[in-house]
Amino acid sequence: MKDIIIDTPAQKSVIHCGEGAFEKYAPGLALRQVFVVTDSNVFAWYRHDIWRVLGGDVPIYIIPAGEPSKSIRYLTAILREMLSHGMKRTCTVVAFGGGVVGDLAGLAASLFMRGVRLVQIPTTLLAQVDSSVGGKTAIDFEGVKNVIGTFYQPEEVIVDPRFLSTLPDREIRCGLGEIVKYGALNSRIYELLLQNKADLKSTAFLEEITYHCIKHKADVVTEDEYDLNGVRKTLNLGHTTGHALELCYRKKSHGEYVLIGAYYELYIAEKLNICGKNYADSLRELITAVIKKVPVYEDVATAAKLAKFDKKNTDANVSLIVPQSEGKSAEIKLSLEEYIKLLEECSADLKEGK
């Protein structure tokens with residue numbers, strides 16, 4: 001078991017990683033006034049663990065599982081329940097679940113009484129390697145993903161691989177989407193992915209790679225907590241196109257869309273001579289090792305227009321973080337017309353089996 005620390009002016013955040021982290025650190029939460037937020041799937045699997053560790057009378061708010069719960073409706077419902085249960089400014093919100101729970105509960109914690117303590121206990125691979133760490137909270141609004149949110153560091157993150165055993169394959173693929181993204185940003189993670197390409201879902205590999213992904217993100221967040229100097233922006237590799245496709249089609253998981261977005265953006269980087277062919281081919285092999293077949297989108301222009309709302313954009317152009325070389329990425333800005341044209345070319349090549 002290892003600890004990783006994010007030490008920023010706003011909050012010191014301690015991430016406990018490894019087998020047994022839940023049993024070691026979660027019981028300490030029972031000494032506080034606690035309010036738990038979870039979802040219907042996680043509650044069905046782990047309600048007895050919550051009651052055993054935090055007590056049978058702990059207040060719990062259960063949201064429906066899925067992205068639609070990241071909404072004003074459920075944000076205000078959580079705040080209303082916290083008020084009705086007499087939560088004080090010294091209370092702790094425990095986000096027990098995946099990325100949706102973490103984003104939503106984190107935002108509620110940042111708003112209630114101008115901010116209460118937050119502990120993340122991520123139960124999905126994606127939340128463990130990425131969304132529970134770094135302090136970004138958000139809800140979706142008016143069809144735009146993560147457009148309302150705050151930067152709010154959790155006091156603790158408890159990352160235990162025990163929770164991965166109940167995940168369906170799709171959720172593992174979703175987490176691997178973010179892991180491959182980190183591979184395009186970090187040469188050590190890239191090497192581990194190549195070495196384990198034939199067995200990416202093994203328990204030992206996932207525990208090791210989770211630590212390295214969190215360590216990479218922790219270093220980035222420590223350097224650029226509020227996305228001000230461009231360092232943290234690199235973590236959005238694959239996300240501009242991935243988010244646009246996710247909002248438009250909604251048939252796959254977030255992590256799968258990150259991988260699909262990374263595939264399309266890798267095509268753009270290679271086409272613009274930003275990324276060499278050998279490295280691009282290697283990344284494509286990692287992507288297809290997870291999702292097997294990248295979808296062809298007949299009307300990719302419709303999704304592309306949603307990229308105009310991406311938070312990285314600072315002008316009329318679409319901002320993309322793309323792979324450059326091993327361990328390095330680059331930011332490029334394209335006009336919407338050029339972006340659509342390149343996405344359509346990639347989709348056409350996929351359709352022809354190139």
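Here are the numbers:
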item	result
Distance from the range 229-272 to the range 126-191 (C-alpha centre basis), Å	14 Å
Ellipsoid semi-axes in whole angstrom, largest first, where each is sqrt(5λ) of the Cα gyration tensor of the range 89-175	22, 16, 9
Stokes-Einstein D in µm²/s, Kirkwood radius over Cα pairs - the range 14-66 at 20 °C with 1.002 mPa s viscosity	179 µm²/s
DSSP bridge orientation in the chain - percent antiparallel, rounded to nearest 5	45 percent
R0 of 41 Å, Cβ-Cβ distance K308-S165: FRET efficiency to nearest 0.05	0.50
Alpha carbon convex hull of the range 56-97, volume per residue in cubic angstrom	88 Å³
Lys/Arg +1, Asp/Glu -1 at C-beta; the chain dipole; positive extreme among H254, P295, C91	C91
Alpha-carbon radius of gyration plus Dmax, which is the widest Cα pair, for the chain in Å	19.7, 61
Relative contact order [Cα under 8 Å, 6+ residues apart], the chain, whole percent	14 percent
Computed [θ] at 222 nm, deg cm²/dmol, the chain (DSSP H ≥ 4; -39,500 (n - 2.57); rounded to nearest 500)	-14000 deg cm²/dmol
Prolate/oblate/rounded call for the range 214-279, Cα gyration tensor, a/c under 1.5 rounded	oblate
Cα-Cα P(r), the range 127-247, percent of pairs per 10 Å interval	12, 42, 37, 9, 0
Isotropic mean projected area of the C-alpha convex hull, the range 215-354 (nm²)	8.3 nm²
Per-selection Kirkwood Rh - the range 2-166 (Cα, Å, 1 d.p.)	15.5 Å
Scattering profile of the range 268-336 at q = 0.20, 0.22, 0.24 Å⁻¹ [log10 I(q)/I(0), Debye over alpha-carbon scatterers]	-1.03, -1.13, -1.17
Over the range 196-237 - Rg/Rh using Cα atoms and the Kirkwood inverse-distance radius	1.14
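Just so you know, all these numbers are worked out from the coordinates, no wet-lab data involved. Not measured: the values here are computed from a predicted model. Counting neighbours? That spans all protein chains shown, and the Cβs are built from the backbone with ideal geometry, glycine included.
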